[in-house]
Amino acid sequence: MKVERLGNVFPVIRNGANIKQDKVTDGYPITRIETIADGTIDLSRVGYASIHDETFSDFYLKENDILMSHINSVSHLGKVALVSRINEKVIHGMNLLCLKADESKIHPTYSYYFLKSPIFRSKIKRITKKSVNQASFNISNLKDIEFPLPPLPDQIHIANLLSKAENLIAQRKESIRLLDEFLKSTFLEMFGDPVRNEKGFDPITLGDLFKVSSGDGLTSDNMNPSGNHNVYGGNGVNGKHDKYMFDEPQIVIGRVGFYCGAVHLTEPKSWVTDNALYIKELYKASNIQYLKHFLTLLNLNRFAGQAAQPLISGNRLYPIKTFYAPIDLQNQFAEIVEKTEALKTQYQQSLQELENLYGSLSQKAFRGELSVKQLAKA
């Protein structure tokens with residue numbers, strides 16, 4: 001397969017307009033690093049500077065432009081998004097590069113899929129320069145990266161193939177999201193809001209329901225890379241180790257930091273660290289599946305202290321007013337959860353298979369290992 005320097009297939013690679021953005025929300029939107037955080041052009045994550053005239057018309061995004069992050073954290077460096085079907089004037093701002101393809105040589109969608117591939121991301125790592133808080137690369141080094149360039153008909157086939165696979169992945173993710181929404185709506189239908197108590201269940205406080213305690217910290221003595229037990233901290237699963245604290249699943253609540261108030265249900269044989277609270281004692285019979293959804297809908301992070309960082313404790317949880325639902329109704333909900341989670345597991349396995357397929361197709365396509373016949377069949 002023919003290979004070209006990236007600069008030869010993207011004759012225009014430039015930085016955005018240097019515009020100081022402020023807190024206003026009027027005028028033409030201006031891209032920021034966050035605008036392409038999820039790999040698409042997200043117009044809910046733009047800036048503004050009250051620009052209403054055509055001063056920056058040269059920087060308006062055009063169909064098939066590609067935006068690329070070149071100043072960011074290492075994990076996000078090189079992230080790209082393809083401009084497609086934007087029906088308003090959007091200004092290309094600083095800290096994102098705009099790449100414009102020579103469409104006589106390269107199909108824009110094909111180029112987009114290569115630029116988001118692990119093959120390209122590995123090339124970006126080689127030209128990355130790290131500083132204290134962020135990393136970056138320069139345009140000159142970017143232009144020198146080798147770019148696989150099959151004939152245009154093959155590029156179109158590859159782009160269509162990867163697009164189909166990507167759409168299937170998006171559909172599967174949406175199915176999983178809808179299952180989560182189904183459980184939330186089912187809970188609210190059966191029990192109502194945990195704060196407002198529209199169903200008129202017996203009023204209680206969380207202190208009437210349970211007692212919590214923080215988990216145990218992990219030291220180098222009990223951390224072991226070859227271990228196979230989950231570690232739960234304030235952000236859910238965050239490691240592995242060779243011992244465990246609980247044989248049975250536990251409700252854990254993030255105690256400190258960004259995930260303060262987040263609720264998780266642990267796997268069996270798991271360690272709960274001192275960054276999380278666990279329910280040490282239950283004063284009323286409670287189904288653990290019900291309890292997990294119940295506490296999630298309470299939005300416990302609202303009750304965190306705001307010192308140097310968010311912090312939650314039993315003393316902040318216990319006064320929270322809520323209700324106690326009959327255990328038989330809790331168990332009915334848990335049965336729905338069990339069936340829904342079984343379906344969700346199937347979807348997640350299917351999602352993993354689709355993502356593996358996409359990765360395999362991407363690797364083969366950009367290494368020239370997919371023949372024209374294979375592409376046509378796909």
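The values are calculated or read from the model by the stated rules, or taken from the named source; none is laboratory data. Model, not experiment: these values are computed from the prediction. Heads up, the Cβs are rebuilt from the backbone with ideal geometry, glycines too, and the neighbour counts pull from every protein chain shown.
Below is a table of values for the structure above.
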| item | result |
| --- | --- |
| Any chance residue 81 is assigned by TED's automatic domain parsing to the domain that holds residue 21, within 21 Å of the chain's Cα centre (by Cα) and buried (at least 16 other Cβ atoms within 10 Å of the Cβ) | yes |
| Residues that are basic (Lys, Arg), in a strand (DSSP E or B) and free of Cβ contacts under 8 Å to residues at least 60 places away in the same chain, drawn from the range 80-139 | 129, 130 |
| Hits in the range 275-313 (condition: assigned to a loop (DSSP other than H, G, I, E, B) and surrounded by fewer than 15 Cβ atoms within 10 Å (Cβ to Cβ)) | 283, 284, 285, 299, 307, 308, 309 |
| Test: residue in the range 5-16 that is in a loop (DSSP other than H, G, I, E, B), at pLDDT 95 or above and either more than 29 Å from the chain's Cα centre (by Cα) or outside the structural domain of residue 117 (by TED's automatic domain parsing) (or both) | yes |
| Cβ-Cβ under 7 Å pairs, at least 6 apart or on other chains, the range 205-216 side within 15 Å of residue 271 (Cα to Cα), far side modelled with pLDDT under 95 and hydroxyl-bearing (Ser, Thr, Tyr) | 213/278; 215/273; 215/278; 216/273 |
| Residue within the range 65-75 that is assigned by TED's automatic domain parsing to the domain that holds residue 132, part of a loop (DSSP other than H, G, I, E, B) and among the aliphatic types (A, V, I, L, M) present | no |
| Single condition residue 89 does not satisfy, out of (1) surrounded by fewer than 20 Cβ atoms within 10 Å (Cβ to Cβ); (2) closer than 27 Å to residue 165 by Cα; (3) at pLDDT 95 or above | (2) |
| Qualifying positions in the range 252-310 - in contact with a Phe, Trp or Tyr (Cβ under 9 Å, 6 or more places away or on another chain) and of a type in the set (Asp, Glu) | 267, 281 |
| Odd one out for residue 193, checked against (1) free of Cβ contacts under 8 Å to residues at least 12 places away in the same chain; (2) exposed (fewer than 15 other Cβ atoms within 10 Å of the Cβ) | (1) |
| Test result for residue 168, at pLDDT 95 or above, outside the structural domain of residue 81 (by TED's automatic domain parsing), outside any strand (DSSP E or B) and surrounded by 12 or more Cβ atoms within 10 Å (Cβ to Cβ) | yes |
